[in-house]
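Structure first, commentary second.
What follows is calculated from the coordinates using simple rules that are stated; it is not laboratory data. Note that the coordinates shown come from a computational prediction; the quantities given were computed from them, not determined experimentally. Quick reminder, even Gly has a Cβ in these numbers, built from the backbone with ideal geometry, and neighbours come from all protein chains shown.
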Amino acid sequence: MDMRELLETVRAFDGLLELSPTEGSEYPEIAWGDHFFYYAPDGVVPNGPPYATIVTKHYPGEPPSSLDPADRWRVNIHVGTTTFTELTGEDPRHIATRDFTVADVILPHPVYGSLGWIAVVNPAQHTAPVVVELLRTAHEAAKRRAVRRSAKPPVP
């Protein structure tokens, strides 16, 4: 699976808001070329982090994922602690040191793993179907949160 194919899949999700900062946009240069996914059918960026991202470069302060070559990228997905443990076999509070440059393997996110985020460099044969399902699940969870937040309390 290449990034274009994954983007096509995610862009078909109902209520998706994708931020894709480009040169000259209001977003910082470090984010140019990356993709940030939210559930926001009204087109307004919600408060809080996206439910998934695709990054195309190394971010300062995180262990390297060897994203410098043009054909390397990483998808990051918030899966929660239970799914994180099922996928990695680890408690997110106690993540083992590992090589974050390995492609097509589900790994803890190099910075946000302790918060229930996973990461996959260049999803392919082994991980692409799981990544797509995890993205759908994360999108639906974001949708449920948005619906809960928008519910008005009953009038007394």
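Residues Tyr27, Tyr39 in ascending order of nearby Cβ atoms (within 10 Å, fewest first): Tyr27, Tyr39.
The GNM of the chain, with springs linking C-alpha atoms under 10 angstrom apart, assigns the highest mean-square fluctuation among Ala31, Ala96, Ala124 to Ala96.
Mind pulling up the Rg/Rh value for the stretch 83-126? Radius of gyration and Kirkwood radius, both on Cα. Could you put the intermediate results ahead of the total?
Details: Rg = 9.8 Å, Rh = 10.5 Å.
So for the stretch 83-126, dividing Rg by the Kirkwood Rh gives 0.94.
Work out which helices of the chain, taken as complete DSSP H runs, extend at least 20 Å along their axis over the Cα atoms and score a mean Kyte-Doolittle of -0.5 or more, then list them.
Numbers: long enough: 128-150 (33 Å, -0.27).
Span-like helices, by this rule, are 128-150.
At q = 0.08 Å⁻¹ the log10 of I(q)/I(0) for the stretch 11-156 amounts to -0.23, computed by Debye summation with a single uniform scatterer per C-alpha, solvent ignored.
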